[in-house]
1. Filter region 160-213 down to residues that are part of a strand (DSSP E or B) and of a type in the set (Ser, Thr, Tyr) and give me whichever is modelled with the lowest pLDDT.
2. With the requirement that a residue be surrounded by 14 or more Cβ atoms within 10 Å (Cβ to Cβ) and in a strand (DSSP E or B), what does region 751-774 give you?
3. Would it be correct to say that Ala615 is surrounded by fewer than 21 Cβ atoms within 10 Å (Cβ to Cβ) and part of a loop (DSSP other than H, G, I, E, B)?
4. Could you tell me how many of the residues in region 625-647 are surrounded by fewer than 19 Cβ atoms within 10 Å (Cβ to Cβ), under 23 Å from Pro558 (Cα atoms) and either polar (S, T, N, Q) or modelled with pLDDT of 85 or more (or both)?
5. Taking region 429-453 only, how many residues are in contact with a Leu (Cβ under 8 Å, 6 or more places away or on another chain), open to solvent by less than 40 Å² (accessible area, probe 1.4 Å), more than 30 Å from Gly406 (Cβ to Cβ) and in a loop (DSSP other than H, G, I, E, B)?
6. I'm trying to understand the selection: among the residues of region 44-60, which are within 14 Å of Leu72 (Cα to Cα) and either open to solvent by 50 Å² or more (accessible area, probe 1.4 Å) or in contact with a strand residue (DSSP E or B) (Cβ under 7 Å, 6 or more places away or on another chain) (or both)?
7. Any residue at all in region 355-373 that is closer than 21 Å to Tyr388 by Cα, among the β-branched types (Val, Ile, Thr) and part of a strand (DSSP E or B)?
8. Which condition breaks for Leu741 when tested against (1) modelled with pLDDT under 75; (2) in a loop (DSSP other than H, G, I, E, B); (3) in contact with a strand residue (DSSP E or B) (Cβ under 7 Å, 6 or more places away or on another chain)?
Amino acid sequence: MKNILFIVTLLFVTTLTFAQPLNRSTYAFKISQAEEQVEKKEYYQALKLYEEAYDESKDKSLSITIADLHMLVRDYRDAERAYARALRRDKNDLLVESRYDYGRALKMMGKHDEAIEEFDKFIFSTTDPIKKELAEMEKAGAEYAKIAKTVQDLTVVNAGKKVNNKKSEYTPHLSPDGTKLYYSAFPTEEITEVDENSEDWQTKIFVSEKGKDGFGEGTALDERVNRPGVFNSNSRLSTDGMRMLFTEQTLDGNVLATSKLYMSSNVSGGWSARKEATGGLAEVFVKSPCFGELYGNQVVFFAANIEGEGEGGLDIFYATSKGDGEFGDPVNLGPKINTPGNEDTPYYRDGMLYFSSTGHPGLGGYDIFQTAWNGARWSEPANMGEGYNSGADDLSLMLDEEGYTGVFTSNRIYQGARSLHGKTCCTDIYFFTLKKIEASVLVTTFDEKTGEPLNGVTVEIIQIEEESTNSLDSKSNSKGNSFDYPLELDVAYMLIGKAENYENDTTTFNTVGLLDSKIYQEKLLLKPLPIYLELVREEPFELENIFYDFDDDKILTPAEPDLQWIHDLMTEYPKIEIELSSHTDARGNDNYNENLSQRRAESARRWLLSKEDGAITRRRIVAKGYGESKPKTITAKMAARYPFLKEGDVMTEEFIEGLATEEEKEAAHQINRRTEFRITAGPTSIKIKEERLIQIGNKKVEESIKSKDDKGAMPKQTQTSNPIEIHKWSSLYGKKNLKGLPIMKFEKRMVELGEVKKGDKRELTYTFKNMGDTPLEIDLVSACECTTLDYSTSTVKPGETGTIKAVFDSSEKEESETIDIDIYLKNVEPDTDMPVMELLRYSFNLKK
């Protein structure tokens, strides 16, 4: 007699329904036949007969039996309806034991409050301690489901009709390169007529290859793996994809009867002939095996119900590999993992075990959980959350190498999913992708006193652990002041900056709780160690901040710190006598320049003699104006500041006229316009601590003087460190070769907002011009949370202008502050391959 095969998933195995043709018979005969089918574990046929009997007789006593069978074949919607029909009339709580399964059906249909009510009734009345424990777990799961939120940035999609059919698919596994998908399924999705002589209808292991349109239809592996006449299922690969574990299974009706472990190796001709496990697993029921590692040994994790060695239902075990297919005895993972319910489909990856369970609090039937191994014990299992899990059964999770993409199976209600019976009878394969969160840190180093970028620093990054630290990497950058490091999530870090002649600087930060990718921006401000200058008798020392207005000898305010420094030095060393000399450039009349320089030198001397302490007498200072007669000889320090000059160059008129550009010529003339002093009597040398005064090469001349040459003509360009002026707040500052780089020249980099009332907002606009020879592209502009930024990432061509707008919100501020705005360009510096960076600032005085 032929039997009709109906297929659904039941505990990962196929539910087979042998539909026996029946003539119309009496109610009693149908009940007798239904009971016989239950005895044979042919639950689908039994359900059909009971429902026919109910339709004919309306016998309410059949409702619980029908509901139980719907649960067995995973038709949760009809199970809920059947339980509700039966229990509505149970005024005396005679059917209280069925309220547990009714609660489960309600929970799977998303009716969590009603489910909790049924579990409470069951917990109050039952005398079965195991079922009471399970009911408490189910109730906790329903309460969790009420507040559970979908895992953020998780995308789950059905694998589609080429992979999934109306029957069930099991245990999907991606190859290491992600181009192949292994899974188990039936050879056809059609209802299959079989008899005792039928062959080749059981599940096989398939492989689907990924093409441009995704994974295609699967192809069954050959008979070296797929043995005819048995159910071939539960395939898992090793991390290198060279070994496969799988099971050979048989059924007793709709129930899994036997499940044996087999192995195969990936050889040049495909997968090798199957090999049965030996040793401690030879006679053991092994379901859902996977490769793993424990205590430094290779192991196999699997699910089994071993009498006397479990917590109840299916438990997860492991067995140690002894090589060549031999294994040790099975070991139960213990009550932290295993429960009185069922635990199944383990998958191990990098110290993390993923498994599905009906005994831990979950959203549905089987939920996917994860637990971490610390080398001695497992952590408390954690529910993977909604998205991975649903109100139905979610199993067989597997992750790719990076851990952001993977597969699992589910019988969840999903648009486009297909099932032979009801909406939840059969499992499909689902792909999932979790948004990859990446973190890195961009470290920049600066001189603490000047605020200038500091090159030549070594930056070390250290991981901070609970009781120790771990140095991860150390980098040096002789050509720039920026460093980048990749970061791991949920880790605390320390950065240490080290440079010659500077104190170390450190900062700490962490990536704990990061929900989106982020580039951390950390600054290290290195404080200069004291620098000592040696003043040698008869050697001139230039005072770099003494300037004068055109055709004037009056001492300007910016010159006073330098003159005060000389005053303090001469007070500390009362035997010192000096010559204070002033020099002009070569432009203009010789006599005029000499007279002007003499007046300026005498003006400086008068300033020193005018101090009220009277510590310096006139005889100790000789004021001398040299005019243009002593052109400046370039020192190593000056050569580093002016890329177009080298040490030893003498700034004669002939030399200056030979320079390439008008900007370079003007810079050379400015070098000649200087004030110096030299010790003419007293100590032969003095070692003193240098005061780091503002250097003319680091600040616009027009900020301190009205810039005109001594001839009276306005210079074509103010003195700069480069032919094109580079601000000290730019990463290009100090670069000798600016060819092929954009140069952002701002009208104003620092904005002083003045007094700001707490809670007020202020708008700022920074306007810039691209002074370079290359189009400029802004990649990112960032500041503190108090600053909202508006800028364009469109290309700014050479000569064109652009703006960066900012809105400052003082609501969260508690004190006055200076705020940095960091600009990162898509353009990179060719010698470091790091982005060009610019800095803007604004300050405010907070009024509360």
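1. Thr192
2. Across region 751-774, the qualifying residues are Val751, Leu753, Val756, Arg762, Leu764, Tyr766, Phe768, Lys769, Asn770.
3. yes
4. 1
5. 0
6. Scanning region 44-60 gives Tyr44, Lys48.
7. Within region 355-373 (the criterion being closer than 21 Å to Tyr388 by Cα, among the β-branched types (Val, Ile, Thr) and part of a strand (DSSP E or B)), the answer is yes, since at least one residue qualifies.
8. If we test Leu741 against (1) modelled with pLDDT under 75; (2) in a loop (DSSP other than H, G, I, E, B); (3) in contact with a strand residue (DSSP E or B) (Cβ under 7 Å, 6 or more places away or on another chain), just (1) comes out false.
The values are calculated or read from the model by the stated rules, or taken from the named source; none is laboratory data. Keep in mind that what you see is a predicted model, and the values were worked out from it rather than measured. Methodologically, a virtual Cβ is constructed for each residue, glycine included, from the backbone with ideal geometry; neighbour enumeration extends over all protein chains shown. Protein only, heavy atoms only, side chains kept; ligands, DNA and RNA dropped before computing areas. Shrake-Rupley method; radii C 1.70, N 1.55, O 1.52, S 1.80 Å.
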